[in-house]
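Colleague: Before I ask anything, let me first share the structure, which is written out below as structure tokens.
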Amino acid sequence: MAVAADLGTESSTVLDEELIERIKAGDRDAFDRLYERYFPRICGYVRRRIGNPADVDETVQEVFVNVFTSLDSYRAEAPFAAWVLGVARRTVAGRFKKRRIATVPLDDFSGDDFGPAPAVKQFSGPTPLDEYECREVIARMEDTARHKLTPEQCELVELHHLKDHSIREIALIVARSEDAVKSNLYRARKLLQAS
């Protein structure tokens, strides 16, 4: 098959790796095909992580620019979809890390006051990066709970950490010794922390 083949007549089974090789050879249509293939996933991923809808389109475009400019770093050691998601993750995280310009509210100035500017008020809440990282940790922990914890471990974690029951109360509820509850909770926490 020629590099400049008409992508509109090809089946949808063209492998990512073949498209990547075409892109590296300068085939613009191959990049358009790859873009169309991954746009819905990347757009959904970015939309879930960025609270401001106005920033979603810009961020998605930035992801695809980053994908295009870093295609040479793709080594095919993992599926291309995972690599693209990694680029998207780094792009979103990078947007959160960009420094915001410090501003001073206008109501801090009196009408004729040209003296020293008042100190910038410090924001004490979580930053967007903090919120993003927290959502990522929660998603990984939920995945671990679904796939690696036993039903009993899930119940123990819920009773102890979410419903604030003591070890003694949990032991009575699940008809186990306190040592068995402690041991099982310890193993569950280790799995969750490793996620």
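Colleague: Quick check on this structure: which one of A102, A119, A78, A93 is more than 25 Å from E133 (Cα to Cα) and modelled with pLDDT under 90?
Modeller: None of the others qualify; the one that does is A119.
Colleague: Just checking, does segment 149-161 include any residue being on the phi < 0 side of the Ramachandran plot, out of contact with any helix residue (DSSP H, G or I) (no Cβ under 8 Å at 6 or more places or on another chain) and acidic (D, E)?
Modeller: Yes: segment 149-161 contains one or more residues that are on the phi < 0 side of the Ramachandran plot, out of contact with any helix residue (DSSP H, G or I) (no Cβ under 8 Å at 6 or more places or on another chain) and acidic (D, E).
Colleague: Ok, one more. Just a yes or no: is a residue in segment 145-159 closer than 25 Å to R89 by Cα, touching a residue at least 24 places away in the same chain (Cβ under 8 Å), in a helix (DSSP H, G or I) and not aromatic (F, W, Y)?
Modeller: yes
Colleague: With part of a helix (DSSP H, G or I), of a type outside the set (F, W, Y) and surrounded by fewer than 16 Cβ atoms within 10 Å (Cβ to Cβ) as the only criterion, which of A88, A54, A30 stands out?
Modeller: A54
Colleague: (1) at pLDDT 85 or above; (2) not assigned by TED's automatic domain parsing to the domain that holds Q61: which one isn't true of P40, the others all being true?
Modeller: All conditions pass for P40, except number (2).
Colleague: Restricting to segment 129-168, name every residue that is exposed (fewer than 14 other Cβ atoms within 10 Å of the Cβ) and charged (D, E, K, R).
Modeller: Taking segment 129-168 and keeping what is exposed (fewer than 14 other Cβ atoms within 10 Å of the Cβ), we get 130, 134-135, 137-140, 142-143, 146-148, 150-151, 154, 158, 161-164, 166, 168.
Within segment 129-168, D130, R135, R140, E142, D143, R146, K148, E158, K163, D164, R168 qualify.
Colleague: Another question, then. Which of the residues that make up segment 168-180 are modelled with pLDDT of 90 or more, assigned to a helix (DSSP H, G or I) and of a type outside the set (D, E, K, R)?
Modeller: I170, A171, L172, I173, V174 - these are the residues of segment 168-180 that are modelled with pLDDT of 90 or more, assigned to a helix (DSSP H, G or I) and of a type outside the set (D, E, K, R).
Colleague: Something else: What's the number of the condition Y45 fails, among (1) surrounded by 18 or more Cβ atoms within 10 Å (Cβ to Cβ); (2) outside any helix (DSSP H, G or I)?
Modeller: (2)
The values are calculated or read from the model by the stated rules, or taken from the named source; none is laboratory data. These numbers come from a predicted model, not from an experiment. Please note: Cβ atoms are built from the backbone with ideal geometry, for glycine as well, and neighbour counts cover all protein chains shown.
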